[in-house]
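Notes to accompany the following structure.
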Amino acid sequence: MSTRLDHRNPLVFDTHELGRRPGALQRLSRTVDAPKDLGIEGVIGVPEGKPVELELRLESVMEGVLVTGTARASAEGECVRCLEPLRQEVAADFQEMFTYPDADERGRPAEPVDDEDEDILYLEDGMFDLEPVLRDAVVLALPMQPVCREDCAGLCPECGIRLDDDPDHHHDAVDIRWAALQGLADSLGTGEKDNMGGAEAGVDEKQEK
Ligand SMILES: [Zn+2]
Ligand SMILES: [Zn+2]
């Protein structure tokens with residue numbers, strides 16, 4: 001083992017109290033400061049130092065300790081449509097097996113049988129580090145494309161104002177006749193291709209008659 005776990009790290013848990021008798025259970029609640037980079041970089045995440053509420057259930061099994069839990073925190077990011085800051089509660093569930101290093105040495109072949117062996121997490125001196133598990137769970141629980149609300153209208157493509165702030169927003173530069181044609185094109189376009197090319201082709205046919 002390269003680095004020793006620090007029991008003072010709030011994301012390091014000690015299983016000595018739980019003991020090694022299979023079937024032993026321990027429930028823990030702990031509020032920790034969010035570690036760095038807890039989230040999807042540049043999209044949404046729990047800011048470093050903000051509280052993360054952890055509920056853990058430790059279960060002693062033959063080969064190690066099975067950890068099941070939930071992390072709750074408030075994530076911050078920005079709406080992908082209108083770019084407004086947003087805040088979202090996140091509840092991330094996780095389950096992970098931490099294996100006794102000695103149990104592994106006993107039964108393990110000289111070469112790993114498959115790639116899964118590389119994903120094994122070990123107890124070190126009876127302690128485990130929840131941080132990588134927490135990070136994976138939070139990333140999975142967060143939206144890749146967060147929106148401030150499901151029906152966020154985004155920004156005006158012409159001038160960039162936030163459309164939800166001004167529902168009647170429009171630009172007078174659009175010719176009324178063109179707008180009528182556009183409406184016709186939209187109705188002709190349904191059932192055909194959904195893209196603009198298909199819609200415009202429909203308009204041209206109509207005009208030729
Ligand atoms: Zn938005
Ligand atoms: Zn506009």
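Read-outs throughout are calculated quantities, based only on the coordinates presented, and are distinct from any laboratory measurement. Keep in mind that what you see is a predicted model, and the values were worked out from it rather than measured. Virtual Cβ from ideal backbone geometry, glycine too; neighbours counted across all protein chains shown.
Check which residues have an amide H placed less than 5 Å from TYR100's amide H, if you skip close sequence neighbours.
GLY64, VAL65, LEU123
Classify segment 37-77: rounded, prolate or oblate, from the alpha-carbon gyration tensor (a ≥ b ≥ c, eigenvalue square roots; a/c under 1.5 rounded; otherwise prolate if a/b is larger than b/c)?
Prolate, because a/c is 1.5 or more and a/b exceeds b/c.
Which loop-located GluC sites (Glu not before Pro) does segment 1-109 contain, where loop means any DSSP state but H, G, I, E or B and the Cβ has at most 12 other Cβ atoms within 10 Å?
Hits after loop and neighbour filter: GLU17, GLU41, GLU48.
Could you derive backbone 3J(HN,Hα) for segment 26-38 from the dihedral phi with the Karplus parameters 6.51, -1.76 and 1.60 (θ = phi - 60°), listing whole Hz in sequence and x where the residue is Gly or Pro?
After applying 6.51 cos²θ - 1.76 cosθ + 1.60, I find 9, 10, 9, 10, 8, 9, 10, 6, 4, x, 4, 6, 8 Hz.
Describe numerically, in nm with one decimal, the distance between label points set 7 Å from Cα along Cα→Cβ at GLU131 and at ASP168.
Computed distance between label sites GLU131 and ASP168 equals 5.5 nm.
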